[in-house]
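Asks: Quick one: this structure, given as structure tokens, is what I'll be asking you about.
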Amino acid sequence: MLNPCLYEARFLDIFAGSGGIGIEALSRGAAFCCFVEQNPQAVSCIRENLIKTRFTENSYILKKDARNIAVSLAKNEPYDIVFMDPPYNKKLEYEVMKNIAGSDIVNSDTLFVIEASIDTDFSWTDEMGLVCVKEKKYKTNKHIFLKFGG
């Protein structure tokens with residue numbers, strides 16, 4: 001679904017787990033990927049996967065709570081695509097977006113893709129100036145695609 005947007009993109013993979021989504025983005029032409037994950041075992045897994053796939057040079061792993069990443073990443077260029085797959089039904093997507101929506105790590109062109117349970121409420125997007133440009137529903141979860149509206 002993201003293939004047309006990936007070439008030379010700066011990709012941010014939040015709640016990265018094993019790093020599969022970010023590594024897939026790199027393999028499809030993303031220029032750079034930052035992986036955000038706080039679990040030490042998952043960070044080790046991402047590191048091993050980056051070595052195996054030879055993507056260590058154009059990636060960075062930030063071992064930090066995803067709710068507080070804007071300050072840590074502020075010195076970088078804005079990301080073109082922000083993907084997050086937080087634990088379901090904990091409202092972490094809202095907390096992360098509240099932290100990064102007004103920061104320097106995103107801009108008016110950034111595409112946000114959030115994986116969530118099928119019943120996750122996204123009514124908060126209006127207060128952040130975000131509009132849903134696409135929603136893909138599955139049996140138990142969904143992907144919601146957001147951009148800053150205007």
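The values are calculated or read from the model by the stated rules, or taken from the named source; none is laboratory data. Note that this is a predicted model, so its numbers are computed, not measured. Counting neighbours? That spans all protein chains shown, and the Cβs are built from the backbone with ideal geometry, glycine included. The protein model used for the area step is the full one, side chains on, heavy atoms only, and it has no ligands, DNA or RNA in it. Shrake-Rupley method; radii C 1.70, N 1.55, O 1.52, S 1.80 Å.
Asks: What is the ratio of the Cα radius of gyration of the chain to 2.2 N^0.38 Å, where N is its residue count, to two decimals?
Replies: For the chain, the normalised Cα radius of gyration comes out at 0.97.
Asks: Long-range amide H contacts for residue 59: which residues qualify at under 5 Å (H placed 1.01 Å from N, peptide plane, sequence gap of 5 or more or a different chain)?
Replies: Placed amide hydrogens put 33 under 5 Å from residue 59.
Asks: A further question on this structure: Once you treat every alpha carbon in the stretch 72-142 as an equal point and sum by Debye, what is log10 I(q)/I(0) at q = 0.11, 0.14, 0.27 Å⁻¹?
Replies: So the normalised log intensities work out to -0.27, -0.44, -1.46.
Asks: Moving to a separate point now. At what distance in nm do the modelled label points of residue 89 and residue 134 sit from each other, each positioned 7 Å from its Cα along Cα→Cβ?
Replies: 2.8 nm
Asks: Net charge near residue 140: determine it from the other residues with C-beta under 14 Å of the C-beta of residue 140, scoring Lys and Arg +1 and Asp and Glu -1.
Replies: After counting each charged neighbour, the total is +1.
Asks: Given the DSSP H assignment, sum -39500 (n - 2.57) over each helix run of at least 4 residues in the chain and divide by its residue total; what's the result at 222 nm in deg cm²/dmol, nearest 500?
Replies: -7000 deg cm²/dmol
Asks: As an exercise, identify the chymotrypsin sites (Phe, Trp or Tyr not before Pro) in the stretch 41-150 lying in DSSP coil whose Cβ has no more than 10 other Cβ atoms within 10 Å.
Replies: Those satisfying the criteria are 138.
Asks: In whole Hz, what ³J(HN,Hα) sequence does the stretch 98-105 give by Karplus (6.51, -1.76, 1.60; θ = phi - 60°), x for Gly and Pro?
Replies: 3J(HN,Hα) across the stretch 98-105, in whole Hz: 4, 6, 9, 4, x, 9, 7, 7.
Asks: Taking θ = phi - 60°, what integer Hz values does the Karplus form 6.51 cos²θ - 1.76 cosθ + 1.60 yield along the stretch 39-46, in sequence order, with x for Gly and Pro?
Replies: 6, x, 5, 5, 4, 4, 5, 4
Asks: Excluding ligands and nucleic acids, what accessible area in Å² is computed for residue 28 using a 1.4 Å probe, to the nearest 10?
Replies: 120 Å²
Asks: Would you mind classifying the stretch 36-94 by shape? Square roots of the alpha carbon gyration tensor eigenvalues, ordered a ≥ b ≥ c; an a/c under 1.5 is rounded, otherwise it is prolate if a/b is larger than b/c and oblate if not.
Replies: On the way: a/c = 1.91, a/b = 1.26, b/c = 1.52.
Note, shape of the stretch 36-94 comes out oblate.
Asks: For the pair residue 123 and residue 44, how long in nm is the line joining their label points, each one 7 Å along Cα→Cβ?
Replies: Between residue 123 and residue 44, the label points sit 4.4 nm apart.
Asks: Residue by residue through the stretch 89-95, which ³J(HN,Hα) values in whole Hz follow from phi under the Karplus form 6.51 cos²θ - 1.76 cosθ + 1.60 (θ = phi - 60°), with glycine and proline marked x?
Replies: Here the 3J(HN,Hα) series is 6, 10, 6, 5, 4, 5, 4 Hz.
Asks: Further question on the same structure: With N residues in the stretch 1-59, what two-decimal value do you get for its Cα radius of gyration over 2.2 N^0.38 Å?
Replies: Rounded to two decimals, the normalised Rg is 1.02.
Asks: Further question: Going by Cα centres, the stretch 91-117 and the stretch 135-150 are how many Å apart?
Replies: 13 Å
Asks: Shifting gears a bit: What does the extension gain come out to for residue 98 and residue 148, with contour length at 0.36 nm per residue minus their alpha carbon separation?
Replies: Length gained, residue 98 through residue 148: 16.7 nm.
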